[in-house]
Amino acid sequence: QVQLVESGGGLVQPGGSLRLSCVASESVSRANLVGWYRQAPGKQRELVASITSRGVRTYADSVKGRFTISKDVAENKVALQMNSLKPEDTAVYYCYVFLGDNYWGRGTQVTVSS
């Protein structure tokens, strides 16, 4: 059972930045896929960004050029740097790891509002 704990969410003005962090209880270097999803009120959960074990990154079209996903295998961390935030980025953000099974964090709230 892999435990994932997210942090770094909060309230930010449009155009601002936040950095989300996810600490895993097991080595993320062994994971086939790690990523971030988000779910806004009344909407389905959607992929924001992911990175494979070979380092291939995928981003949702809505965040390309603004968000960057990274992983630190030494510290078992997955991070999401979010720049130029928009009100439509407001959602609960979830860390995700596939390591033989699907594992999810509990989520961290990101609110973009003036």
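Values for this structure:
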| read-out | value |
| --- | --- |
| 12 Å beta-carbon shell around CYS95, net charge (K/R +1, D/E -1) | +3 |
| Percent RCO, i.e. relative contact order, over the stretch 1-108, from Cα pairs under 8 Å lying at least 6 residues apart | 37 |
| Estimated FRET transfer efficiency (THR52, LYS86; beta-carbon r; R0 35 Å; 0.05) | 0.85 |
| Solvent exposure of the chain as accessible area per residue, Å², 1.4 Å probe | 54 |
| Share of carbon and sulfur in the accessible heavy-atom surface of the stretch 66-113 [1.4 Å probe, %] | 44 |
| Packing-based order for 75-88, 54-67, using average beta carbon neighbours within 10 Å, highest first | 75-88, 54-67 |
| Under 19 Å from the LEU11 label point (7 Å along Cα→beta-carbon), backbone N, the stretch 82-97 | 85-93 |
| Listed peptides 95-106, 42-53 by packing density, highest first (mean Cβ within 10 Å) | 95-106, 42-53 |
| Where only C-alpha atoms are counted, convex hull volume of the chain per residue in Å³ | 90 |
| Pairs of lysine residues in the chain - Cα separation under 22 Å, sequence separation of 8 or more or cross-chain | 4 |
| The stretch 1-68 - Rg and Dmax from Cα coordinates, angstrom | 13.3, 37 |
| The stretch 40-104: mean projected area of Cα convex hull, nm² | 5.2 |
| Options GLY16, LEU99, SER27, ranked by Cα towards positive dipole end of the chain, top entry (Cβ charges) | GLY16 |
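The values are calculated or read from the model by the stated rules, or taken from the named source; none is laboratory data. These numbers were taken from a predicted model, which means no experiment stands behind them. Here Cβ is always computed from backbone atoms with ideal geometry, including for glycine, and neighbour counts include all displayed protein chains. The accessibility values were calculated without ligands, DNA or RNA, using every heavy atom of the protein model including side chains. Shrake-Rupley method; radii C 1.70, N 1.55, O 1.52, S 1.80 Å.
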